[in-house]
Amino acid sequence: MPLTPFHFGPALFFGLLFSRFLHLPTFIMANVIIDLEPFAVLLFGLNYPLHGFFHSFFGGFFAALFLAAAMVFLNAKIQEIMKLFQLRQPFSASKILFSSVAGVWLHVLFDSTLYTDIKPFFPLKINPFFVGTLEFTLFVYVLCTIIFFAGIAFYLAMIVFYNKK
């Protein structure tokens, strides 16, 4: 997706829905961090594909490892921030790693349906997920927007339910 905000919808919704298995802040960050690659390409005018190495499952895995290490290191601060949002999750390095990989790969999967320059199975130069129609692209954007609002509603319901305990 050309703008990272579209990735927040699936990240928030699925991160909350599967919070038993996913570390929410890591999952959200993982869904967004991959777009530093096209941002850098555009910002610095690099002679590099907009969606390059890190927009593949293989390359994304390395970004996920880096992110997981950073999230484990920063977990105490992250837990403080999560308290502000009335969210608490137990710390687990393995949960953070899983969340990081799952988030990055979800990002790659979503983007693979939209862009021809993504090669999700790098070093193979194929993209079997690419759909390439305007209708499908609009569908994905609308779906991500709807999922974002569903995620907000889910979060608010969790807060109301949590506060009644």
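Per-residue answers, yes or no, for (1) more than 13 Å from the chain's Cα centre (by Cα); (2) assigned to a helix (DSSP H, G or I); (3) under 24 Å from Leu156 (Cα atoms); (4) touching a residue at least 60 places away in the same chain (Cβ under 8 Å):
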{"residue": "Phe62", "(1), (2), (3), (4)": "yes, yes, no, no"}
{"residue": "Leu67", "(1), (2), (3), (4)": "no, yes, no, no"}
{"residue": "Gln86", "(1), (2), (3), (4)": "yes, no, yes, yes"}
{"residue": "Ile118", "(1), (2), (3), (4)": "yes, no, no, yes"}
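Could we say that Met29 is part of a helix (DSSP H, G or I), surrounded by 14 or more Cβ atoms within 10 Å (Cβ to Cβ) and in contact with a Pro (Cβ under 8 Å, 6 or more places away or on another chain) here? First the steps, then the outcome.
On the way: part of a helix (DSSP H, G or I): yes; surrounded by 14 or more Cβ atoms within 10 Å (Cβ to Cβ): yes; in contact with a Pro (Cβ under 8 Å, 6 or more places away or on another chain): no.
No: the conditions fail for Met29.
Would you check which residues across segment 96-116 are of a type in the set (A, V, I, L, M) and in contact (Cβ under 8 Å) with a residue 60 or more places away in the chain and list them?
Filtering segment 96-116 down to residues of a type in the set (A, V, I, L, M) leaves 96-97, 101-102, 104, 106, 108-109, 114.
Answer for segment 96-116, where residues must be of a type in the set (A, V, I, L, M) and in contact (Cβ under 8 Å) with a residue 60 or more places away in the chain: Ile96, Val101, Ala102, Val104, Leu106, Val108, Leu114.
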When residues of segment 130-144 are limited to those that are over 19 Å from the mean Cα position of the chain (by Cα) and in a loop (DSSP other than H, G, I, E, B), the one modelled with the highest pLDDT: Val131
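Tell me the residue from Gly132, Gly151 that is of a type outside the set (A, V, I, L, M) and more than 15 Å from Leu17 (Cβ to Cβ), please.
Working: Gly151 fails: more than 15 Å from Leu17 (Cβ to Cβ).
Within the list Gly132, Gly151, the selection yields Gly132.
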Single match in Leu65, Leu50, Leu24 (criterion: under 26 Å from Thr137 (Cβ atoms) and either modelled with pLDDT of 95 or more or not acidic (Asp, Glu) (or both)): Leu50
Options Gly103, Gly52, Gly132; residue that is within 18 Å of Phe6 (Cα to Cα) and surrounded by fewer than 20 Cβ atoms within 10 Å (Cβ to Cβ): Gly132
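The values are calculated or read from the model by the stated rules, or taken from the named source; none is laboratory data. What you see is a predicted model, and the numbers here were worked out from it, not measured in a lab. Cβ coordinates were reconstructed from backbone atoms using ideal geometry, including for glycine residues, and neighbour counts include every protein chain displayed.
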